[in-house]
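See below for the structure under consideration.
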Amino acid sequence: MKLKHAFFTFLCLGLFLINVEVQANEIDSRFFIELHEQEDIDLDIQTATELALPILWQRVVPSKDLEKANTLPAATSLLLKFKTVKYGVKMEFNPNQVRSYLSRYNITMIPVQPHFNLSVFAIGISDSDEALSLDLLNYSHNISDELGFRLGPRGKKLQVIFAPVIDVYGETMVHADVQGAFTPDLLSQTDVKSEGFASIQTQDFLKQILLEIRDGYHESENVLGEASSYTLVTIESEFSLSTQVMMEQALSKHPAVLSVVPVLLQKVRRQYRIQLRDGHDEWIGAWFAQYGLTASQQPAGGVDDWLVQ
């Protein structure tokens, strides 16, 4: 009898600890702010609120409304807890009060803290792509608290690949191939003109991408899902720009295709990385035949999966 009672007690304790851990993981860290003492500034509740709100707005307000939010009066009623500590103050804001306060001024709040399982790759961008990829991932962690998102293995998958492409005018661009659980129309641009400072440029580009996805984040989104594979297609044929664009658009609308990413764009040679929905690309030969082209599947291990002529 005692053994059964001990087992029941142990089981209840285990369930309690699991529940505490789950609740801890669900804490929205955006609403917790610490301020350190500053010379000639008395961190009373009013002054601390005035200093803390711009930090909070940066985390919870979409970029388009941030300037407006920064003009709002500092309301101490938004505070849930205010505690003086050895080095300054700790503050916790009430999410419901913050949401209502912003709504009063017609400003929306990012409803939940975005949580991403982020991977970043640079391909052909610098002399050491591996080091640059790691630097970009570290940079993302460094700005995550400031911008109000979390990074971790339990987050929604988000992959960003930076690679150089050459446009139809011969200019080198930095292209961002972005995949993950979000609507693709959140991004204002996926190509920027290459300006030589690879580290700084890709950092700025990555921050822009993370902000735009954060601003449109919603807990129930899972639009793109997971791609099972890619196929690399090279087209060796001269087309007018309008014909080329029409073909790209038609290809991207094929039911087996999730995305079409240009890797190389030249007058007589174009290369595309095609993200497949189910991993099968047998249809490619027949599809290009509609345009009077011959698509040949290339041997495994080659540069291309398909060569179209």
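No value in this document is a laboratory result; all are computed from the given coordinates. Owing to the predicted nature of the structure, the values given are computational and were not obtained by experimental measurement. Neighbour counts run over all protein chains shown; Cβ positions are idealised from the backbone, glycine included.
Applying a DSSP loop filter and a limit of 12 other Cβ atoms within 10 Å to the chymotrypsin sites (Phe, Trp or Tyr not before Pro) in the stretch 127-169 leaves Tyr169. Rg over Rh for the stretch 28-139 works out to 1.10, both radii taken from alpha-carbon positions and Rh defined as the Kirkwood radius. The stretch between Ala286 and Ser188 holds 31.9 nm of extra length on full extension. This uses 0.36 nm per residue minus the Cα-Cα distance. Only one residue of Leu151, Ala122, Ser140 has its Cα farthest out toward the positive end of the dipole of the stretch 115-215, where Lys and Arg carry +1 and Asp and Glu -1 on Cβ, and that residue is Leu151.
For the stretch 43-119, chymotrypsin sites (Phe, Trp or Tyr not before Pro) are listed when DSSP marks them as loop and at most 10 other Cβ atoms sit within 10 Å of their Cβ; the list is Tyr87. Ile55 sits among other residues whose Cβ lies under 12 Å from its own Cβ, and their net charge, with Lys and Arg +1 and Asp and Glu -1, is -2. Computed from the C-beta positions of Met246 and Gln159 and an R0 of 30 Å, the FRET efficiency is 0.55 to the nearest 0.05. Counting every other Cβ atom within 10 Å of each residue's Cβ, Ser140, Ser188, Ser119 order from fewest to most as Ser188, Ser119, Ser140. Rounded to 0.05, the FRET efficiency of the Glu171 and Arg99 pair, given R0 = 45 Å and the Cβ-Cβ distance, is 0.50. Working ranking of peptides 243-255, 42-54 by packing, defined as the average number of other Cβ atoms within 10 Å per residue, highest first, is 42-54, 243-255. To check you understand DSSP bridge types, tell me what percent of the beta bridges within the stretch 115-215 (both residues inside) are antiparallel, rounded to 5. Given both bridge residues lie in the stretch 115-215, the antiparallel proportion sits at roughly 55 percent.
Here r is the Cβ-Cβ distance between Ser29 and Leu72 and R0 is 25 Å; the resulting FRET efficiency, rounded to 0.05, is 0.70.
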